[in-house]
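Structure, as structure tokens:
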Amino acid sequence: MSSLELRGLRKHFGPVEIISGVELKIAEGELVVFVGPSGCGKSTLLRLIAGLETVSAGEVLIGGRDVTKVDPAKRGVAMVFQSYALFPHMTVRQNMGFGMRVNRVPKAEAAVKIEQAAALLQLTPLLERKPAQLSGGQRQRVAIGRALVRQPDVFLFDEPLSNLDAELRVQMRTELLALHARLGATMIYVTHDQIEAMTLADRIVVLRAGRVEQIGAPLELYDDPDNLFVAGFLGSPRMNFLPAEVQPDGRLRPDGMSVDLPSPVDGLEPGCRVVVGCRPENVELTDTGAIQASIKSVEQLGNATFVHADCGAGLAVAAELRQRWSLSGQTTLRFNLPIAQTQVFDADTGLRIRK
Amino acid sequence: MPPVLRKAVLYLCLVAAAIIFVLPLWWAILSSFRPNDAIFRDLFPFTPRALWPEPFTLDAYVAIFERGFGAIIANTLLVAALTTALGLVVNALAGFAFALFDFPGKSTVLGIVVVSFMLPFEAIAMPLYTVVSQLGWIDHVAALVVPSVANGLAVFLFYQFFQQVPKDYSEAARLEGAGWLRILWSVYVPLSLPTCISAGLMLFIFQWEAFLWPLLAMPAQQFKVIQVGMAAFQDQYTTAWNQLFGAAVITALIPMLLLIPLQRYYVQGLAGSGIKG
Ligand SMILES: Nc1ncnc2c1ncn2[C@@H]1O[C@H](COP(=O)(O)OP(=O)(O)OP(=O)(O)O)[C@@H](O)[C@H]1O
Ligand SMILES: [Mg+2]
């Protein structure tokens, strides 16, 4: 168990910069999740921490020790690959014991560690099987087991659940959380699944194009995003965004509409371009609503209803309702955006306007 | 034509074709079991007795071994086994390096490796002879073994296979503290057994069939390998046909004995077998 720190970390492949100056501090025992769209550099960042890629600039510190130039095996990290990377010709026992065989750990000691890890992960009956004879979830557990026996300071997971079906994913998520609680180990977990990020993380790091967009506890990011990207990335359906212009009286006029919305922040420059954001569950449907939209589709999920509507000029709005709701011939929708739950972003920079 | 008849005609053609291909082989084998003066007896004019070893005798084989063919087989096995063992190590290491590392000039060197196995041996025989004689290896076993150890085709075979192995395996092993040699030995080699066997057989058969180079490199003829030894049966005395056929049968038999149990892997390896996850 160790803390981890990244200082000004950069990585380029040829002329292309993939990681552009990442600063991050992770406390001992924390479970941090990296999220971001595909290709944003999550795996690369993880591999830089593991030492599988060389750093172009910056430092990696594990437990206060600068490991930037240290061999991957000596960094005290264990990694669980998305592909599991279990050696196909070895049994589960041999797979889990590979590192200890390489490092000449006495056989008896290794056997005990394997048994312990296997018991913890419910792998004991499978120890003599080859990976090909295991289900996806079992392989996943073996991959975790192989990391576990090394008793690393930091666990790294690269989308470990993405090859599993939805049900197994939920189950493994719970098991991972239990494991984290039990070991108290520092863990970094990469995913592009925001549900996984929200449920697992102590803190989430949102990445985009090799930059950290925001770091914070899951609900902090959800409720209080720093910018349009984070606001749009977390939550499904995503936050509604209405481009608007600040009126002389400080109210906000969404494009293509003839109503003004009250602004949740004061002191906006009149004429300024902004984006008004409001999450679907905060959209308030009422017959006296100020904004009108034509209904495009209704999704009934049983516990919730999503209404997708068009405010004109191709501007889509989604609303989430907690009660059943049926169209009954209705084609238009009226709604309000409650001022306490709307957020305003600078249209040019995408940054949140607080105050 | 009714289907049964069509099948019958088809099979008849196949059998005829098979006979044409197998007959010479069969005739060679049974000729080795005849006395030398009886070999051509039933051929002109042809009688079916030509296809039966009669009179039957093992004289040819006895004579072959009396003339030292046993030592020649042992020599060839030694050369081929040494080449195979060393060659597997050297070529697997080279293929591994090409597959896993990036280094300046990699594609150029790889291109040279590919060209090296496209070149006919005759093209390099003279320069090679010069090198070997400068090293003072003429008439030494090293002259036969060392130049054949590095084999472009074997390197390429290993390179091709190792390249297909997912990088995750080597990275996982590296994180566990394994060095490159350990990764090659504990992960790549077990995954590429068919390739190893293919490459090994290739090196073996290459030596087994070598004729020109052993003739050049061992002018003293003290240490003879099988193809050279066999040629000697033709001109040393009046040609002893039955002995020549006997030597040919033995020469073919030994690699076959090796090939048959490994055939399954050999075919698989050349087909570039996938990796089970
Ligand atoms: N070895 C490499 N050489 C060149 N470019 C690379 C290399 N590895 C990754 N990249 C590039 O770096 C970028 C980030 O890749 P990375 O694998 O880190 O993305 P990711 O966030 O993990 O995406 P995903 O969610 O799809 O796994 C991609 O544009 C990729 O093409
Ligand atoms: Mg990735």
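Here are the numbers:
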{"quantity": "From A:LEU52, A:LEU46, A:LEU9, A:LEU24, residue being assigned to a loop (DSSP other than H, G, I, E, B), within 16 Å of ligand 1 (Cβ to nearest atom) and of a type in the set (A, V, I, L, M, F, W, C)", "calculated": "A:LEU52"}
{"quantity": "Any helices (runs of 4 or more DSSP H) falling wholly within region B:164-250 and containing at least 1 residues that are buried (at least 19 other Cβ atoms within 10 Å of the Cβ), within 14 Å of chain A (Cβ to nearest Cβ) and without any contact (Cβ under 8 Å) to a residue 60 or more places away in the chain", "calculated": "B:167-175, B:180-183"}
{"quantity": "Subset tally (residues that are surrounded by 19 or more Cβ atoms within 10 Å (Cβ to Cβ) and either of a type outside the set (S, T, N, Q) or at positive phi (or both)) for region B:83-98", "calculated": "7"}
{"quantity": "Test: residue in region A:90-105 that is outside any loop (DSSP other than H, G, I, E, B), within 16 Å of ligand 1 (Cβ to nearest atom) and assigned by TED's automatic domain parsing to the domain that holds A:ALA143", "calculated": "no"}
{"quantity": "Residue count, region A:206-221 (criterion: away from ligand 2 (no atom under 14 Å from the Cβ), of a type in the set (A, V, I, L, M, F, W, C) and either within 11 Å of A:LEU31 (Cβ to Cβ) or crowded, with 21+ Cβ neighbours inside 10 Å (or both))", "calculated": "2"}
{"quantity": "Residues of region A:86-103 classified as charged (D, E, K, R) and more than 10 Å from every other protein chain (Cβ to nearest Cβ), total", "calculated": "1"}
{"quantity": "Leading residue by the ranking (surrounded by the most Cβ atoms within 10 Å (Cβ to Cβ)) among those in region A:44-79 that are within 16 Å of ligand 2 (Cβ to nearest atom) and closer than 15 Å to A:GLU23 by Cβ", "calculated": "A:LEU45"}
{"quantity": "Some residue of region A:56-69 being within 14 Å of another protein chain (Cβ to nearest Cβ), of a type outside the set (Phe, Trp, Tyr) and part of a helix (DSSP H, G or I)", "calculated": "no"}
{"quantity": "Qualifying residue in region B:68-79 (condition: surrounded by fewer than 16 Cβ atoms within 10 Å (Cβ to Cβ), out of contact with any helix residue (DSSP H, G or I) (no Cβ under 9 Å at 6 or more places or on another chain), free of Cβ contacts under 8 Å to residues at least 40 places away in the same chain and under 30 Å from B:GLY152 (Cα atoms))", "calculated": "yes"}
{"quantity": "Unmet criterion (only one of (1) more than 30 Å from A:GLY216 (Cα to Cα); (2) touching a residue at least 60 places away in the same chain (Cβ under 8 Å); (3) within 16 Å of ligand 1 (Cβ to nearest atom)) for A:LEU86", "calculated": "(3)"}
{"quantity": "Number of the exception - A:GLU159 against (1) under 19 Å from A:MET187 (Cβ atoms); (2) away from ligand 2 (no atom under 16 Å from the Cβ)", "calculated": "(2)"}
{"quantity": "Residue check for A:VAL170: within 16 Å of ligand 1 (Cβ to nearest atom), closer than 26 Å to A:SER236 by Cβ and more than 14 Å from chain B (Cβ to nearest Cβ)", "calculated": "no"}
{"quantity": "Checklist (1) among the hydrophobic types (A, V, I, L, M, F, W, C); (2) over 30 Å from B:PHE156 (Cα atoms); (3) in contact (Cβ under 8 Å) with a residue 24 or more places away in the chain applied to B:ALA94, failing item", "calculated": "(2)"}
{"quantity": "Residue list for region A:27-43, restricted to those being more than 11 Å from ligand 1 (Cβ to nearest atom) and over 16 Å from A:ARG7 (Cα atoms)", "calculated": "A:GLU28, A:GLY29, A:GLU30, A:LEU31, A:VAL32, A:VAL33"}
{"quantity": "Pair list, Cβ under 9 Å, 6 or more apart: region A:198-214 residue in contact (Cβ under 8 Å) with a residue 60 or more places away in the chain, other residue hydroxyl-bearing (Ser, Thr, Tyr)", "calculated": "A:LEU200/A:TYR189; A:LEU200/A:THR191; A:ALA201/A:TYR189; A:ALA209/A:SER20; A:GLY210/A:SER20; A:GLY210/A:THR44; A:ARG211/A:SER20"}
{"quantity": "Failed item in (1) out of contact with any helix residue (DSSP H, G or I) (no Cβ under 8 Å at 6 or more places or on another chain); (2) within 30 Å of B:ILE197 (Cβ to Cβ); (3) part of a helix (DSSP H, G or I), with B:ASP102 passing the rest", "calculated": "(3)"}
{"quantity": "Filter result (loosely packed, with under 13 Cβ neighbours inside 10 Å and in a loop (DSSP other than H, G, I, E, B)) within region B:18-51", "calculated": "B:PHE40, B:LEU43, B:PHE44, B:PRO45, B:PHE46, B:THR47"}
{"quantity": "Exclusive hit being in the same structural domain as A:LEU52 (by TED's automatic domain parsing), surrounded by fewer than 18 Cβ atoms within 10 Å (Cβ to Cβ) and in contact (Cβ under 8 Å) with a residue 24 or more places away in the chain, set A:ASP226, A:ASP165", "calculated": "A:ASP165"}
{"quantity": "Residue identified as assigned by TED's automatic domain parsing to the domain that holds A:LEU252 and at positive phi among A:GLY289, A:GLY302", "calculated": "A:GLY302"}
{"quantity": "Test: residue in region A:22-39 that is free of Cβ contacts under 8 Å to residues at least 60 places away in the same chain and within 16 Å of ligand 2 (Cβ to nearest atom)", "calculated": "yes"}
{"quantity": "Of the criteria (1) more than 13 Å from chain B (Cβ to nearest Cβ); (2) outside any helix (DSSP H, G or I); (3) more than 16 Å from ligand 1 (Cβ to nearest atom), which one A:ARG141 fails", "calculated": "(2)"}
{"quantity": "From the options A:SER38, A:SER83, residue that is within 12 Å of another protein chain (Cβ to nearest Cβ) and either in contact with a Cys (Cβ under 9 Å, 6 or more places away or on another chain) or not β-branched (Val, Ile, Thr) (or both)", "calculated": "A:SER83"}
{"quantity": "Filtered residue count, region A:254-283, keeping only those that are touching a residue at least 40 places away in the same chain (Cβ under 8 Å) and exposed (fewer than 15 other Cβ atoms within 10 Å of the Cβ)", "calculated": "6"}
{"quantity": "Some residue of region B:142-158 being within 14 Å of another protein chain (Cβ to nearest Cβ) and β-branched (Val, Ile, Thr)", "calculated": "no"}
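For (1) within 29 Å of the chain's Cα centre (by Cα); (2) more than 14 Å from chain B (Cβ to nearest Cβ); (3) hydrophobic (A, V, I, L, M, F, W, C), each residue gets a yes or a no:
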| residue | (1), (2), (3) |
| --- | --- |
| A:ALA110 | no, no, yes |
| A:LEU121 | yes, yes, yes |
| A:GLN133 | no, no, no |
| A:GLY137 | yes, yes, no |
| A:ASN163 | yes, no, no |
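The values are calculated or read from the model by the stated rules, or taken from the named source; none is laboratory data. Owing to the predicted nature of the structure, the values given are computational and were not obtained by experimental measurement. Don't worry about glycine lacking a Cβ; one is built from the backbone with ideal geometry, like all the others, and counts go over all protein chains shown.
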